[in-house]
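Notes follow once the structure below has been shown.
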């Protein structure tokens, strides 16, 4: 797995390496390969990759807009310098997706028999989907789905992976428990299969606690399709509501010792009696994350491969502070070391 080699190489050149940078490139590479069967070699190119640079800048411009009330109206934002830059970057991102889609269409035409035998990925399903009348998705609909999957699918997973590494390095006793389970389930195999994933119960609890304690998407927005009354205050239809998921995950009325990192709180059926909306790292309801199963399996595989190879430590002199962008990041990054196990 390339990310393990990157961490090993980085740790040879410096005592500590910044985790978010490596994680973001790796999760984008994995998403492109697994969902779109596209080899982007993102980790080799690094943060200078045009798509990576475009997405990073789009997030910066989105945050800039959120902090400037004058840019809230769409027509004013489009006229502003930041808006013009944003939509130019949107065009580039769309073109990147369209290029992947176009090449896959050609492959499907030229290799029809081979494609029938190959396991379908996310893009294949979009391209071959038909409704009862035999009508498929339009090019724009397919591109929109691909854009959403790529944009939302790698940054959130990168956040969870980065905070998982931080949590393993900070809590050595928990790292030992994760390592013991992975060693028992996976052993010295060079891969992690579906059966292994289902057996890693403590790793699952650990990842849930990471997503509770370091909520990957701290705030979720929704638009009301009908009026809503909250504590006697009527909020009109069409209003946008921001839900503070990170705060809900730390509410003392819901969680015992909310600011302590305790994977054991998810062991067995302990959390099953709780309100289903008390733990929503993937949102909830009809608009919840469609890729949550893929993301959770991906995280388990990544953690298993990393912990099987490395003993992880964090820089005790480096202050780590939550910083909310679109996803939960660390204000000054996360500095960690990866020591080869013997």
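Yes or no: residue 85 free of Cβ contacts under 8 Å to residues at least 12 places away in the same chain and either assigned to a helix (DSSP H, G or I) or surrounded by 15 or more Cβ atoms within 10 Å (Cβ to Cβ) (or both)?
So residue 85 does not fit the description; no.
Just to be sure I understand, how many residues within segment 320-341 are surrounded by fewer than 20 Cβ atoms within 10 Å (Cβ to Cβ) and in a strand (DSSP E or B)?
Matching residues across segment 320-341 total 6.
Hey, among 330, 295, which residue is closer than 23 Å to residue 55 by Cα and modelled with pLDDT of 95 or more?
Selected residue: 330, the only one of 330, 295 that is closer than 23 Å to residue 55 by Cα and modelled with pLDDT of 95 or more.
Here are 101, 125: which of them is closer than 20 Å to residue 148 by Cα and modelled with pLDDT under 90?
Result of the check over 101, 125: 125.
Pick out the one residue from 51, 38 that is within 30 Å of residue 338 (Cβ to Cβ), at pLDDT below 95 and outside any helix (DSSP H, G or I).
38
Exactly one of these conditions fails for residue 242: (1) in a loop (DSSP other than H, G, I, E, B); (2) closer than 30 Å to residue 72 by Cα. Give me its number.
(1)
Can you tell me how many residues in segment 255-294 are in contact with a helix residue (DSSP H, G or I) (Cβ under 9 Å, 6 or more places away or on another chain), assigned to a loop (DSSP other than H, G, I, E, B) and under 19 Å from residue 217 (Cα atoms)?
Qualifying residue count, segment 255-294: 12.
Among (1) surrounded by 15 or more Cβ atoms within 10 Å (Cβ to Cβ); (2) closer than 30 Å to residue 8 by Cα, where does residue 80 come up short?
(2)
Hey, which of the helices (runs of 4 or more DSSP H) in segment 123-225, taking only ones fully inside, have at least 2 residues that are under 24 Å from the mean Cα position of the chain (by Cα), surrounded by fewer than 17 Cβ atoms within 10 Å (Cβ to Cβ) and without any contact (Cβ under 8 Å) to a residue 40 or more places away in the chain?
It comes to 139-170, 194-199.
Go through (1) surrounded by 12 or more Cβ atoms within 10 Å (Cβ to Cβ); (2) farther than 22 Å from residue 166 by Cβ one by one and return the number of the condition residue 263 breaks.
Only one criterion is unmet by residue 263, namely (2).
Is at least one residue of segment 96-118 loosely packed, with under 11 Cβ neighbours inside 10 Å and within 25 Å of the chain's Cα centre (by Cα)?
No; the residues of segment 96-118 include none that is loosely packed, with under 11 Cβ neighbours inside 10 Å and within 25 Å of the chain's Cα centre (by Cα).
Within segment 12-35, track down each residue that is surrounded by fewer than 15 Cβ atoms within 10 Å (Cβ to Cβ) and either in a loop (DSSP other than H, G, I, E, B) or at positive phi (or both).
14, 15
The values are calculated or read from the model by the stated rules, or taken from the named source; none is laboratory data. Values in this document were obtained by computation on a predicted structure and should not be read as measured data. A quick note on method: Cβ atoms are made from the backbone with ideal geometry, for glycine too, and the neighbour counts reach across all protein chains shown.
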